[in-house]
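Comments concern the structure below.
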Amino acid sequence: MEYQKLTPRQIDFLTERGCKAEDWSTVWTSDPESLKYIRNVRFSGEVKFGRFNAVFTLPGGLKKHSGLREATLHNVTVGDNSLVENITDYIANYNIGNDCYIENADLIYTDGPCRFGNGVEVCVMNETGGREVKIYDRLSAQTAYIIAMYRHHPETVAKLNEMIEAYAASQESERGTIGNKVTIRNAKFISGVKIGDGATITGASRLHNGSINSNLIAPVVIGHGVIADDFIIESGSKVEDNTTLTRCFVGQCCILGHAYSASDSLFFSNCQGENGEACAIFAGPFTVTHHKSTLLIAGMFSFMNAGSGSNQSNHMYKLGPIHQGTLERGAKTASDSYILWPSRIGAFSLVMGRHVTHSDTTYLPFSYLIEQQNTTYLVPGVNLRSVGTIRDAQKWPKRDNRKDPDRLDCINYNLLSPFTIQKMMKGIKLLKNLQYSSGELSDIYSYHSTKIRNSSLRNGIRYYETAITKFLGNSIIKRLENLPAGASDEEMRKMLRPSVNIGTGLWVDICGLIAPKTEIDALLETIAAGKETLGSIADKFQAMHRNYYEYEWTWAYDKYGEFFGYPLETITKAQVTDIVKRWKDAVVGLDRELYEDAKKEFNLASMTGFGADGTKEDKEMDFSEVRGVFESNSFVTAVLEHIRVKEALGNEIIGRLNS
């Protein structure tokens, strides 16, 4: 944009309109015709402004013309068609974009070199330090996980910190930025904050040293009473209603509100925090807490829902808050649950009651942890037949609100994957070993500070075997979906051969990304060797995410001989037919258990409180009006349809194999 100095006549015109300047020679305009939209402005330092031709239409229909009115500007550039009005104190050292609406703000400034939140150290997981993560504009859940959790790879962590520090230094500036189409109304104090395109800031109390990485596709909203210090907020997120953040990273499409309070915490895609508190937590994708009495502290969570009154403690002895814990993906806490760290809860498990015995159930996923008389009882695998678990798995993809095409986090939604299936395989061996060592007739078995009842142990083995059959059956059916009728055994085996040799061995969940550990280890080595950049690291995580199903099949390929006794290198169509039949029985059997579990939601006990002041018939009618009829419930009909489809698919595959 070309600017020109003001002429003496233009200076007189502005002076007559109540404007002042310490030095009029440092005031520049690109459109002298727009000077009529400037009134009662004090100019200090170098100030440049564009044309003012636009009119803003506010809620309710009020119209305001763009321009500069009732403000003090020091070293400020204002783009075209923006409005800056009623600035109580001043705006200093800022570049303001086009089409911005800034009104009734107290103070907006950048003072000296500022990195806008980049490079701030967040003491995640451990308040006393040791797992610090330096935040920056493009931090992903996967990069943060490596920095926080792979401290046993010090060279890798050091290289990542060097790269982040270099990026933070590149962002250093003595001038802040307010992008295009930004709205700032009734904000009190904004200091050293970079504000992206399309952001809306309404009534914020204090924003200091941070970046609001908004864009026009996925704008950021900052609401009333928000206080944020040393922070970064990514695209599509909302932080509102007296939320307080101190040294926090807020990922894409998060929602924090209703006076939520967080310090030294990382929140990644689609997290929600309302009413409660967070301290030093690593909140992976879809970590949700809604309740005023809930405290999450010094833990790692993902795909997690915290019940009312959930709490953890990281003070076990007297050396301070040095303990940490992990709830693996999909784990939940019931109301008034308590866990004494250190503990590790297996994937997709439910925690009920108070637990002070440092449980480690990582190899027994999909379990219940129940407290009875100060003792932790473990019910392995029972969550596989829970309606809630299936409903969660269905809702997460639908609740991914990221509209920004540039998605920072890799998120795999699969309930059954090599990550969980490998744990179930170990879990079966573990439970059978307990059974062998303590005797099949024992009433209670002990495992890692928990107790397992005899019936729970036997059912757990059955649930895990069913889930493994379902997963491996799904995989082979998918591989053979295009098998022509009449194909030979050798032609079938050729279709089954993996297309890549990546995927064997241990799999890990890198905070949403499910990947072979061999690939993660290889990336760690190249990072430590100085062969990667922040951009290339993100690209490699994305490549692992894209290739998940190819890697998954390579892993599964080796398991058929181990689990079914049919190595795929020599498998016959008759043996595949047997696998498909067992798969069909597993899928249909599990669905029928889900159906029975759903039916509990419609029994007479669930109708308590319905049909106020009426008869039993009134109660049933009121219940059906509010909750619907069991047979027509959307989840129930989906389960029945799933049974029908899977039975038909199994029969169709068997028919093709035997044609």
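The values are calculated or read from the model by the stated rules, or taken from the named source; none is laboratory data. What you are looking at is a predicted structure, and each value in this text was computed from that prediction instead of being measured. Please note: Cβ atoms are built from the backbone with ideal geometry, for glycine as well, and neighbour counts cover all protein chains shown.
Filtering the range 57-68 to residues that are surrounded by fewer than 20 Cβ atoms within 10 Å (Cβ to Cβ) and not in a loop (DSSP other than H, G, I, E, B) leaves Thr57, Lys63, Lys64, His65.
Each row is one residue, and each column tells you yes or no for (1) crowded, with 17+ Cβ neighbours inside 10 Å; (2) at pLDDT below 95; (3) under 26 Å from the mean Cα position of the chain (by Cα).
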site	(1), (2), (3)
Ile108	yes, no, no
Ile135	yes, no, yes
Ala148	yes, no, yes
Glu155	no, no, no
Glu162	no, no, yes
Ala169	no, no, no
Gly176	yes, no, no
Asn186	no, no, no
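Evaluate the following for Ile520: is it touching a His at 6+ places or on another chain (Cβ under 9 Å) and either buried (at least 18 other Cβ atoms within 10 Å of the Cβ) or part of a helix (DSSP H, G or I) (or both)? So Ile520 does not fit the description; no.
I'm trying to understand the selection: among the residues of the range 321-346, which are touching a Leu at 6+ places or on another chain (Cβ under 9 Å), part of a loop (DSSP other than H, G, I, E, B) and aliphatic (A, V, I, L, M)? Ala331, Ala334, listed by residue number.
When Ser44 is tested against (1) out of contact with any Gly (no Cβ under 8 Å at 6 or more places or on another chain); (2) closer than 22 Å to Arg175 by Cβ; (3) exposed (fewer than 15 other Cβ atoms within 10 Å of the Cβ), exactly one condition is not met: (3). Looking only at the range 272-296, residues that are outside any loop (DSSP other than H, G, I, E, B) and surrounded by fewer than 24 Cβ atoms within 10 Å (Cβ to Cβ) come to 6 in all.
Residues being closer than 20 Å to Thr357 by Cα and either part of a loop (DSSP other than H, G, I, E, B) or in contact with a strand residue (DSSP E or B) (Cβ under 7 Å, 6 or more places away or on another chain) (or both) are entirely absent from the range 258-271.
Could you please give the count of residues in the range 213-247 that are under 22 Å from Arg138 (Cβ atoms) and either of a type outside the set (Ser, Thr, Tyr) or part of a strand (DSSP E or B) (or both)? The qualifying residues number 22. Please tell me if Ala166 is touching a residue at least 12 places away in the same chain (Cβ under 8 Å) and of a type in the set (A, V, I, L, M, F, W, C). Taking the combined requirement at face value, the residue does not satisfy it. May I ask you to verify whether Ser313 is farther than 21 Å from Gly117 by Cα and in contact with a Gly (Cβ under 7 Å, 6 or more places away or on another chain)? It is false that Ser313 is farther than 21 Å from Gly117 by Cα and in contact with a Gly (Cβ under 7 Å, 6 or more places away or on another chain).
Sub-8 Å Cβ pairs linking a first residue in the range 443-462 that is under 15 Å from Pro365 (Cα atoms) to a second residue that is acidic (Asp, Glu) and buried (at least 16 other Cβ atoms within 10 Å of the Cβ), at least 6 apart or interchain, are His448/Asp360, ordered by first then second residue.
The set of residues in the range 188-212 being farther than 18 Å from Pro59 by Cα and assigned to a loop (DSSP other than H, G, I, E, B) consists of Lys188, Gly196, Asp197, Ala204, Ser205. Residue check: is Glu440 part of a helix (DSSP H, G or I), among the acidic types (Asp, Glu) and surrounded by fewer than 21 Cβ atoms within 10 Å (Cβ to Cβ)? When the stated conditions are applied, Glu440 does not pass them. Restricting Ala467, Ala487 to those that are small (Gly, Ala, Ser), at pLDDT below 95 and either under 32 Å from the mean Cα position of the chain (by Cα) or crowded, with 22+ Cβ neighbours inside 10 Å (or both) reduces the list to Ala467. Against the conditions (1) buried (at least 22 other Cβ atoms within 10 Å of the Cβ); (2) closer than 30 Å to Val508 by Cα; (3) modelled with pLDDT of 95 or more; (4) not charged (D, E, K, R), Ile212 satisfies every one except (2). Considered as a group, the residues in the range 60-87 that are of a type in the set (Asp, Glu) and under 40 Å from the mean Cα position of the chain (by Cα) include one that is nearest to Cys19 (Cα to Cα), and that residue is Glu85.
For Thr15, the stated conditions do not hold, so it cannot be described as β-branched (Val, Ile, Thr), farther than 22 Å from Leu107 by Cα and in contact with a Lys or Arg (Cβ under 9 Å, 6 or more places away or on another chain). Of the listed requirements (1) more than 16 Å from Met424 (Cβ to Cβ); (2) in contact with a Ser or Thr (Cβ under 8 Å, 6 or more places away or on another chain); (3) in a strand (DSSP E or B), Glu371 misses just one: (2).
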